[in-house]
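Novice: Questions regarding the structure given below will be posed in turn.
The values are calculated or read from the model by the stated rules, or taken from the named source; none is laboratory data. Small disclaimer: the values here were computed from a predicted structure and weren't measured. Cβ coordinates were reconstructed from backbone atoms using ideal geometry, including for glycine residues, and neighbour counts include every protein chain displayed. The protein model used for the area step is the full one, side chains on, heavy atoms only, and it has no ligands, DNA or RNA in it. Shrake-Rupley method; radii C 1.70, N 1.55, O 1.52, S 1.80 Å.
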Amino acid sequence: MILKRVTFHGDSLDCLREFPVDARREAGHELYQVQKGLDPSDWKPMAAIGAGVREIRIRDAAGAFRVIYIATLADAIHVLHAFQKKTQKTARRDLEIARERLRELKRGS
């Protein structure tokens, strides 16, 4: 089995590392599923950010956590943003961060 590599943009890896242990472990497992070409167990499309962008949803005792990524590009799985969700609706700032990182990614390729 060939695994697609995962690349992290901006501070997304640092943010992921700040998740509580269980949420971080689950995020790693879900990204591994994506590497194998499978869907994460709980995800939704994020068309507001861009075509092919998805959000992994993690619910933990410490709260709700999100990992926004795009896996439709041939070279890798690109993690655009990782954050703890504080309200029912995703904060505009978190959407903007992911949107900007996607723009940068597409400009660079």
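Listed here are the residues, each with its yes/no results for (1) in a helix (DSSP H, G or I); (2) surrounded by 13 or more Cβ atoms within 10 Å (Cβ to Cβ); (3) free of Cβ contacts under 8 Å to residues at least 40 places away in the same chain; (4) in contact with a strand residue (DSSP E or B) (Cβ under 8 Å, 6 or more places away or on another chain).
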site	(1), (2), (3), (4)
13	yes, yes, no, yes
48	no, no, no, no
83	no, yes, no, yes
96	yes, no, yes, no
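Novice: Further question: Which ones in the stretch 1-31 are over 14 Å from residue 84 (Cα atoms) and either within 12 Å of the chain's Cα centre (by Cα) or of a type in the set (Gly, Ala, Ser) (or both)? Reasoning before the result, please.
Specialist: From the stretch 1-31, those over 14 Å from residue 84 (Cα atoms) are 1-10, 25, 28-31; that's our starting set.
Correct list: 6, 7, 8, 9, 10, 28, 30, 31.
Novice: Answer yes or no: is there a residue in the stretch 25-42 that is outside any loop (DSSP other than H, G, I, E, B), among the acidic types (Asp, Glu) and open to solvent by 70 Å² or more (accessible area, probe 1.4 Å). Before you say what the answer is, go through the steps one by one.
Specialist: As a first pass, look at the stretch 25-42 and keep what is outside any loop (DSSP other than H, G, I, E, B): 25-35.
Right, trim to among the acidic types (Asp, Glu) and you get 26, 30.
Pick out the ones that are also open to solvent by 70 Å² or more (accessible area, probe 1.4 Å) and you get none.
The answer is no; no qualifying residue exists.
Novice: Further question on the same structure: Test of understanding: among 19, 8, 65, which residue is touching a strand residue (DSSP E or B) at 6+ places or on another chain (Cβ under 9 Å) and under 17 Å from residue 105 (Cα atoms)?
Specialist: Of the residues listed, the single one that is touching a strand residue (DSSP E or B) at 6+ places or on another chain (Cβ under 9 Å) and under 17 Å from residue 105 (Cα atoms) is 8.
Novice: Taking residue 58, is it more than 19 Å from residue 3 (Cα to Cα), of a type outside the set (S, T, N, Q), open to solvent by less than 10 Å² (accessible area, probe 1.4 Å) and over 10 Å from the mean Cα position of the chain (by Cα)?
Specialist: On the way: more than 19 Å from residue 3 (Cα to Cα): yes; of a type outside the set (S, T, N, Q): yes; open to solvent by less than 10 Å² (accessible area, probe 1.4 Å): yes; over 10 Å from the mean Cα position of the chain (by Cα): yes.
It is true that residue 58 is more than 19 Å from residue 3 (Cα to Cα), of a type outside the set (S, T, N, Q), open to solvent by less than 10 Å² (accessible area, probe 1.4 Å) and over 10 Å from the mean Cα position of the chain (by Cα).
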